[in-house]
Amino acid sequence: MASRKTTASSRGPTKPLTRGEKVIAFIEKYCVTPEGAMVGQPMRLLDFQRDFILAIYDNPANTRRAYLSIARKNGKTALIAAIVLAHLVGPEALQNSRIVSAALSRKQAAEVYGYASKMALLSPQLSKITRSTDSAKRIVGLTMNTSYEAMAAEAKTAHGGSPVVAILDEVGQVKGPHDAFFEAITTSQGAHENPLLIAISTQAATDADLFSTWLDDAAESKDPRIVSHVYQAPADCDLFDREAWAAANPALDVFRSLQDVEDYAERASRLPADEQSFRWLFLNQRVTASAPFVSKSVWEACAAAPSPLGRLPVVAGLDLSSTTDLTAFVAIGVERGTWHVHPTFWLPADGLREKSRADRVPYDLWEKQGFLETTRGRSIAYKDVARWLREFFDRHDVRGVAFDRWRWTVLEPYLREVGFTDSELELFVPFGQGYASMDPAMRELEVQLLDGDVRHGGHPVLEMCAKNAVVQMDPAGNRKLTKEKSSGRIDGMVALTMAAPLAATHMNNNRPSVYETRGALCF
């Protein structure tokens, strides 16, 4: 690992260490690597970590706020944990003081606590002067009666207490300029004469988001009490610019895998959605966390007419709508690696012309052309959908149907009424609409689309859904589909995406069956 030329040991025995140097010396002497190949070995800080620590604690103006913005996988969590321990039982510990780390999700908050508790437990010295409580995500420093607690917005634990040090993790997740959880923590520090707030995160998506406003204020105000270190690639850099990679990833090829960056850059060069993800999470640029899922050129390259389903193995996705919206059933016939896509859509017959005007698409024309089914009345008649599905099952070799659990309780009785047996109903696989389910399914579909192994025939309703579908990411880079605009329909793309894992299962005989993967789809 990198080392700093001006270290505590090089200053000579007579010159006292600065506050920052004491923190560095404590971390490198007592904190150990909590996991991975170097587990149990003394922690060695990189140059950028040392620079950040020295800027905070050796600031003549007395730092009140410190911001560190870096791309993902650059040792952020380990740095937070080490700073926590420096305030808990190290040179920055104050009698009876309270330290908190805060994150929006329980999972992220637990990771910070896990790093800190493992560091303390694995250290022969720190394990004797700390006590950890996993259930409360709390560590007590026995020498100075200090306490540390990891808090999450989901747990609604921000109120109460007055931390002298608050470390905010992934503030870049916050959308908009305000967040009640983080504001409750920052305002609670007012009881202390010299409180310290540290925020470590990737960039937020837009200039209007909370972390962006903090970083911009630090740059514009030049307030000496604010330390702000931002590692980001130039806005217009090429995806394969290795200098840009290094600018955003100060731990490149140490904590951050160079091969991982290379692989993702290659993927991002082909997919618009992945380019946005790469620029945000790997290059630490401010980019809107949504992008088209499928480019026009890729979609059009797959517009060949599909083969009839016949007796091909058939899987499908079923996206059930509310009473007046689009319901979609997208079937895929799998034949020697090619996906033959046959979509079916339903809307209520009454009010179809008005809905065409509202959505600005020709639903009424598509109905006449046979691209859209209608059900009786002003709402989706699920009984009509059930009858249609009964006929479909009778004609085809259906191996599985991934369905959105929403409104399933309404449809299932109609399926039984039209003659679906228990064994047939077992072919319906529940599929969650969150990141955990959608991200791997989207990747299965992307591979087929990029390889040109999908034939959708240019179905106009499905094409409308493809144009409206954009990608929304969570901070971990997991994705799901969302609408480009409020009136845009994406139901067909959602159904196609849900069917993708089932189609991949039946791509060849070496893959597991739908029965073996059914549980993996249910999140």
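Counting residues that are open to solvent by less than 60 Å² (accessible area, probe 1.4 Å) and modelled with pLDDT under 95, which helices (runs of 4 or more DSSP H) fully inside the stretch 218-327 reach at least 1? In the stretch 218-327, the matching helices (runs of 4 or more DSSP H) lie at 258-268, 272-277, 296-301. I'd like to check something: does the stretch 371-378 contain any residue that is open to solvent by less than 70 Å² (accessible area, probe 1.4 Å) and assigned to a helix (DSSP H, G or I)? No, there is no match, as no residue in the stretch 371-378 is open to solvent by less than 70 Å² (accessible area, probe 1.4 Å) and assigned to a helix (DSSP H, G or I). Kindly evaluate Asp422 against the criterion of being free of Cβ contacts under 8 Å to residues at least 24 places away in the same chain and more than 23 Å from Ala304 (Cβ to Cβ). Considered against the rule, which asks whether it is free of Cβ contacts under 8 Å to residues at least 24 places away in the same chain and more than 23 Å from Ala304 (Cβ to Cβ), Asp422 comes out as yes. Within the stretch 195-218, the presence of at least one residue that is under 23 Å from Ile83 (Cα atoms), in contact with a Pro (Cβ under 8 Å, 6 or more places away or on another chain) and in contact (Cβ under 8 Å) with a residue 60 or more places away in the chain is confirmed. Selection of first residues in the stretch 446-468 that are within 15 Å of Ser307 (Cβ to Cβ) and in contact (Cβ under 8 Å) with a residue 60 or more places away in the chain and of second residues that are part of a loop (DSSP other than H, G, I, E, B) and open to solvent by less than 10 Å² (accessible area, probe 1.4 Å), restricted to Cβ pairs under 6 Å at least 6 apart or on distinct chains, gives the following pairs, ordered by first then second residue: Val454/Cys302; His456/Cys302. Note on the stretch 206-217: residues that are open to solvent by 20 Å² or more (accessible area, probe 1.4 Å) and of a type outside the set (Phe, Trp, Tyr) total 6. With a requirement of 1 or more residues that are modelled with pLDDT under 90 and surrounded by fewer than 20 Cβ atoms within 10 Å (Cβ to Cβ), the helices (runs of 4 or more DSSP H) lying completely within the stretch 413-523 that satisfy it span 435-450, 460-468, 514-521. Being on the phi < 0 side of the Ramachandran plot and open to solvent by less than 40 Å² (accessible area, probe 1.4 Å): is that true of Pro124 here? Judged against the criteria, Pro124 is not a match.
The values are calculated or read from the model by the stated rules, or taken from the named source; none is laboratory data. Keep in mind it's a predicted model, so treat the numbers as computed, not measured. Every residue, glycine as well, gets a Cβ built from its backbone with ideal geometry; the counts of neighbours run over all protein chains shown. Side chains are part of the model used for accessible areas, which takes the heavy atoms of the whole protein and leaves out ligands, DNA and RNA. Shrake-Rupley method; radii C 1.70, N 1.55, O 1.52, S 1.80 Å.
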